[in-house]
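Written out below as structure tokens is the structure these notes cover.
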Amino acid sequence: MTALRRYVFQNAWLGVLLIATSLAVKAQDAPGDLTHQGEVVFAKNCSFCHGEAGSGRNAPKLSERGFDGQHIEQVIAFGVKDTAMAAWGQILDPQELASVVTYIKSLNGIAGPAGSNTPLVLSGDASHGRDLFRDATRGLSACSNCHAIEGKGVNIAPLGTQFPSSASALRNAATAQVKTVTVNGERFPALVSTPSGGEMRLYDLIAVPPVLRTFTTQTVQVSDASTWQHASVVGAAYSDQELTLIIAYLQAARKP
């Protein structure tokens, strides 16, 4: 198969994948059902290499990596050349494929299709926490400027499924995803997206809210070491009592 034919075939097949995924989602009683099914499919076919809940084992960690939806769909459907990552689009049936794509997206904080979620029933504290999470009056330090949940907010840093249990722990949450980036002598903390097409997209954390910047991959140097702290943004924007309410909301929204 020529490169052109392979390109046309793969993109046409991806279109079929997305249609099948959409139909499969609509066929479920709720997105949570599809996510649960994907968890079962993942445990059966993927966890041996990628670990329980995508925690990593004999293959890369998949949870809380900041992958975008299109990247997840393409890698699962077509695999990764010259690696053990198979093209699962040729192995799983459309329903199973849709479910495992949805599950991996959920591990990266990507919500189901807009308008399809079952209304979330919240306690008084959790409801107040949701209001605080989205509170536009907090200005540039509002949680929703960097995080998204229930399809609301900016999904710069996916939330995952585990949260700190106290206000202090949330204020000083670990920031392993933050790297130190050097570009043409400029050095700054950043959240780095997966390189694609010779380009690297990253969020510069010097500014609040973070600024999306794009560079050619060859010009970027990335170091895992970073002194950036979550508290530098949360700071005095939220009191301990307010952070406790936000934790109640996050735990309720991510409850299985």
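The values are calculated or read from the model by the stated rules, or taken from the named source; none is laboratory data. Nothing here was measured: the structure is a model prediction, and the numbers come from that model. Positions of Cβ are generated from backbone atoms using ideal geometry, with glycine treated the same way; all protein chains shown enter the neighbour counts.
Which ones in segment 183-219 are surrounded by 15 or more Cβ atoms within 10 Å (Cβ to Cβ) and either of a type in the set (S, T, N, Q) or assigned by TED's automatic domain parsing to the domain that holds L62 (or both)?
The one that is surrounded by 15 or more Cβ atoms within 10 Å (Cβ to Cβ) and either of a type in the set (S, T, N, Q) or assigned by TED's automatic domain parsing to the domain that holds L62 (or both): S193.
All but one of (1) in contact (Cβ under 8 Å) with a residue 60 or more places away in the chain; (2) of a type in the set (A, V, I, L, M, F, W, C); (3) in a loop (DSSP other than H, G, I, E, B) hold for V233; state the number of the condition that does not hold.
Exception for V233: condition (3).
Does T180 meet the test of being of a type in the set (V, I, T), touching a residue at least 40 places away in the same chain (Cβ under 8 Å) and either within 16 Å of V233 (Cβ to Cβ) or not in a loop (DSSP other than H, G, I, E, B) (or both)? Can you show your working first?
Values: of a type in the set (V, I, T): yes; touching a residue at least 40 places away in the same chain (Cβ under 8 Å): yes; either within 16 Å of V233 (Cβ to Cβ) or not in a loop (DSSP other than H, G, I, E, B) (or both): yes.
Yes, satisfied.
So in segment 149-177, with the set limited to residues that are among the charged types (D, E, K, R) and either in a strand (DSSP E or B) or under 19 Å from the mean Cα position of the chain (by Cα) (or both), which one is farthest from D204 (Cα to Cα)? Before you say what the answer is, go through the steps one by one.
From segment 149-177, those among the charged types (D, E, K, R) are 150, 152, 171; that's our starting set.
The next check asks that each one be either in a strand (DSSP E or B) or under 19 Å from the mean Cα position of the chain (by Cα) (or both); those that pass are 150, 152.
Details: E150: 25, K152: 21 Å.
So the residue we want is E150.
Would you mind finding the one in Q70, Q74, Q10, Q37 that is at pLDDT 85 or above and either surrounded by fewer than 17 Cβ atoms within 10 Å (Cβ to Cβ) or assigned to a helix (DSSP H, G or I) (or both)? Write out each step before concluding.
Values: Q70 fails: at pLDDT 85 or above; Q74 fails: at pLDDT 85 or above; Q10 fails: at pLDDT 85 or above.
Going through Q70, Q74, Q10, Q37 in turn, just one is at pLDDT 85 or above and either surrounded by fewer than 17 Cβ atoms within 10 Å (Cβ to Cβ) or assigned to a helix (DSSP H, G or I) (or both): Q37.
Can you find a residue in segment 40-53 that is in a loop (DSSP other than H, G, I, E, B) and surrounded by fewer than 15 Cβ atoms within 10 Å (Cβ to Cβ)? Steps first, please.
At the first step, the residues of segment 40-53 found to be in a loop (DSSP other than H, G, I, E, B) are 46, 51.
From what's left, surrounded by fewer than 15 Cβ atoms within 10 Å (Cβ to Cβ): none.
No; the residues of segment 40-53 include none that is in a loop (DSSP other than H, G, I, E, B) and surrounded by fewer than 15 Cβ atoms within 10 Å (Cβ to Cβ).
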